[in-house]
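Have a look at the structure below, then the notes.
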Amino acid sequence: MEVAAPRFKTMIGVAQLITVLSSAVGVAIPLVLKQAIDGRQTTGFRMELALLVLFLVQAIMESTGSFLMARAGEAQVLATRSRITHHLLFANKSFFDHQVGDDLASHIVADTNTIREFLTQNVTLFVAGIVTIVGSVTALIILDWRLSLVMIAALPLAVLVITPISNVSEKYAKLMQDGVAQATSGLAESFRTIELVKANTAEATTNRRLDHNFKRLYRLSLRTDLMDAISSPTVLLLLFGAVAVIFLYGGQRVAAGTLSVGTLMSFLVYVFQLLNPLGGLSTFFASYARMKGATAKLNTLENVAVEDTGGDAQLTPGPLAFRDVTFSYDGQRPILNDVTLNIPLNKKVAIVGPSGGGKSTIVDLIERFYPVNTGTIAYDDRNVTAYNLTKWRQAFALVSQDNNIIAGTIRDNLTFGLERSVTDDALKTALNQAGLLAEVTAFPDGLNTDVGENGTLLSGGQKQRIQIARAYLKNARYIIFDEATANLDADAEHQVSVSLNQLLTNRTAIIVAHRLSTIVDADIIYFLENHHITGCGTHDQLMATHATYRRFVNEQIIHVQKQAKETP
Ligand code: ATP
C-alpha cells in the first residue's frame, strides 16, 4: 500500500504548497515590521498597511492549506478503511481463524488514523518548518549576523533540551495507545461474555484483570502528565532565555546605536516563529516510525488471500456428493479422511457421530469456507469450484444455534444479506411458516423488537426459528441444519422440529444431528467416527448392522429417559 494514493497525492501536494507559501509569507512579516518601525518617516503608513495585508494573506493561506490537507487526509482514511474492509470481507475464512476480531477492527481504525496524522500534520509541519527555519535564519543573518550568531549558538542547546523530552513523551503516547486498546478490548470482551462471567462467578477475577489494565493505564497517564508538566515550562524557559539574551545583547547595541529598534523587534518575532517548527522537527521522526509500522500492518491485511470465486457453470437443482475427500485445517492434523457421501436431491441426509469427529467440518466444506486437500465435492457431477461462490451460498441456508443472530431488530435479522427489499407481509408470512408469528406479534415492538447482541433477548428455540424464517425468505434450495448440542426443552424442541420439517418439504437437507428425533426420520444417515465414514443407511439398517451406531442411539434413549424423569 502506498502511504498516499495517487488521487490524494495531488490534493495533498496543493495543500502542502499553500502551507509552505504561508510559511514564506510568515518569514517576510518580521522584515516588513522592521521597515515599519525603522522607516516610519520615509514610508508613512504604507508598511503598516502591507503588514496588515500580509497577516491576512498568511491567515487565509494557513487555514485554506490546513483545511485542504485535513480533507485530503480524511478522504484517504475513508478510502483506505473501505478498501481494506471490503478486501477482508472476501478474505479466506482460514485467515479469521487466527485473528482476534477486536484487534483487527482496532488496526483498521487506528492505523489508518496514524497515517492520516503523519500526512496531514507531521509532513506539513515538517516541510513548512524547514521553510520557516531556513528563511528565518537567512533573514536573521542578513539583518544582523552578530546577534544571529548569539541566537544560533543557543539553538543546539534548545534542541538538546527539547528533543529528549519530546522523545520520552512520544514513547509514552505510544504505550498509552496500546494500553487504551488493551483496556478497551478487555472491557468489550468481558461485557460480551457476561453470561460466562456470571455463570462461573468470575466477577471478582474479571474485575481484577480489568483493574490491572486500568492501573497500567493510570501509571502511563501519570508519566505522560509528568512529561507534559515538564515540557511546557521548559519550552517557556527556553523562550524567555532567548528573549532575555536578545534584549540584553540587542538592547546594548541599540543604546550604542549599532542596531535599530526595528531589527531588534523583528529578531524577537523570529524567535517566537522558530519555536513551533523546532518542536515539529523532533516529533517528525517518531511519527514517521509510527506511520511505517501502521503501513506495514495495513499492507499485510491488504495482501491477505481472498476466496476463490469459482467458475460460472449453471446452478440447476442437482445432487451433492463428497468423493474421497481428505481435509485438514492446518495441513497437519487430518480431520476428514477419504470421506465419501451422497446427498440426493430433496432428501434428508443426517450426519451423526462422536463429538469432535468432523461433522461441522463437513458443513464448512459444503459452504466452501475451506478448499478440500484431496478428493472432490461434486455438484451435479461437476466439481463445486465450477460454480460461482456467491450464487452457491445463496442456494444454501444455514440454520444453527451459534453465531447466526446479529445485534439489531427481528426485521434486520430476517432480511440479513438479502439484496431485495421485503414487505412486512412477506416477513410475516415467513415468520408464520417458521411458527414464530404469534410470538413476534406479541412483542410490543413486533418486527422492530431489538434482539440484543447475539440475540441474547431471544430464547434458543426462537433464535433457531428466526433462522428458519430467514431460510424461507432466502428461498434456499438446500438447508444445512447444524443442530446445537445444547438441548432445548421439550416444548421448544417440538416447535423447532415442526417448523423445520415444514421447511424441509421439497428441499434437500443436510443435518448435523445430535437428537434422536432428528435422526430417526432421515432418508440417509452417515456415521462419522475417527475421521472416517464407518456406516451409512436408514436408522433401521444402521441399528441392525452398526454396533457403534446402536450404542450411540441407546445412549441417547437413556439420556432422553433420564431427562424425562428429571423434568417434573
Ligand atoms: P461436535 O459434535 O462436538 O460439534 P464435530 O463432529 O462437529 O463436533 P468439528 O467441529 O467438525 O467436530 O471439529 C472437528 C475437529 O476439527 C476438532 O478436533 C476441532 O478441534 C477441529 N477444528 C474445528 N474447527 C477448526 C478450525 N477452524 N481450525 C482448526 N481446527 C478446527
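Residues that are modelled with pLDDT of 85 or more: which helices (runs of 4 or more DSSP H) entirely in region 1-101 hold 3 or more of them?
6-38, 46-89, 93-97
Could you check, for region 399-409, whether at least one of its residues is touching a Phe, Trp or Tyr at 6+ places or on another chain (Cβ under 8 Å), part of a loop (DSSP other than H, G, I, E, B), away from the ligand (no atom under 14 Å from the Cβ) and at pLDDT 90 or above?
No: zero hits.
Just a yes or no: is a residue in region 176-184 under 25 Å from the mean Cα position of the chain (by Cα) and free of Cβ contacts under 8 Å to residues at least 12 places away in the same chain?
Within region 176-184, one or more residues are under 25 Å from the mean Cα position of the chain (by Cα) and free of Cβ contacts under 8 Å to residues at least 12 places away in the same chain.
Which one is nearest to the ligand (Cβ to nearest atom), of the residues in region 331-383 that are surrounded by fewer than 20 Cβ atoms within 10 Å (Cβ to Cβ), closer than 21 Å to THR534 by Cβ and free of Cβ contacts under 8 Å to residues at least 40 places away in the same chain?
GLY356
Mind listing whichever residues of region 518-530 are surrounded by fewer than 19 Cβ atoms within 10 Å (Cβ to Cβ) and in a loop (DSSP other than H, G, I, E, B)?
Answer for region 518-530, where residues must be surrounded by fewer than 19 Cβ atoms within 10 Å (Cβ to Cβ) and in a loop (DSSP other than H, G, I, E, B): ASP521, ASP523, ASN530.
For region 84-101, how many residues meet the condition of being away from the ligand (no atom under 16 Å from the Cβ) and either among the hydrophobic types (A, V, I, L, M, F, W, C) or surrounded by 16 or more Cβ atoms within 10 Å (Cβ to Cβ) (or both)?
Residues that pass the stated criteria total 4.
Only one of THR132, THR114 is over 26 Å from LEU237 (Cβ atoms) and of a type in the set (S, T, N, Q). Can you tell me which?
THR114
Conditions tested, residue by residue: (1) in contact with a Leu (Cβ under 8 Å, 6 or more places away or on another chain); (2) of a type outside the set (Phe, Trp, Tyr); (3) touching a residue at least 60 places away in the same chain (Cβ under 8 Å); (4) more than 30 Å from VAL14 (Cα to Cα).
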site: HIS107; (1), (2), (3), (4): yes, yes, yes, no
site: GLY129; (1), (2), (3), (4): yes, yes, yes, no
site: ILE133; (1), (2), (3), (4): yes, yes, yes, no
site: VAL150; (1), (2), (3), (4): no, yes, yes, yes
site: ALA153; (1), (2), (3), (4): no, yes, no, yes
site: ASN167; (1), (2), (3), (4): no, yes, yes, yes
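Out of curiosity, is LEU259 assigned to a loop (DSSP other than H, G, I, E, B) and within 30 Å of ALA24 (Cβ to Cβ)?
yes
Out of all the residues in region 286-300, is one or more within 16 Å of the ligand (Cβ to nearest atom), over 23 Å from HIS87 (Cα atoms) and not aromatic (Phe, Trp, Tyr)?
There is no residue in region 286-300 that is within 16 Å of the ligand (Cβ to nearest atom), over 23 Å from HIS87 (Cα atoms) and not aromatic (Phe, Trp, Tyr).
Going residue by residue through region 413-436, is there one that turns out to be assigned to a strand (DSSP E or B) and either modelled with pLDDT under 90 or surrounded by 20 or more Cβ atoms within 10 Å (Cβ to Cβ) (or both)?
For region 413-436, residues assigned to a strand (DSSP E or B) and either modelled with pLDDT under 90 or surrounded by 20 or more Cβ atoms within 10 Å (Cβ to Cβ) (or both): absent.
Has region 441-448 got at least one residue that is under 35 Å from the mean Cα position of the chain (by Cα) and among the β-branched types (Val, Ile, Thr)?
Scanning region 441-448 turns up no residue that is under 35 Å from the mean Cα position of the chain (by Cα) and among the β-branched types (Val, Ile, Thr).
The values are calculated or read from the model by the stated rules, or taken from the named source; none is laboratory data. A quick note: this is a predicted structure, and the numbers were derived from the prediction, not measured. Cβ atoms come from the backbone with ideal geometry, glycine included; neighbour counts cover every protein chain shown.
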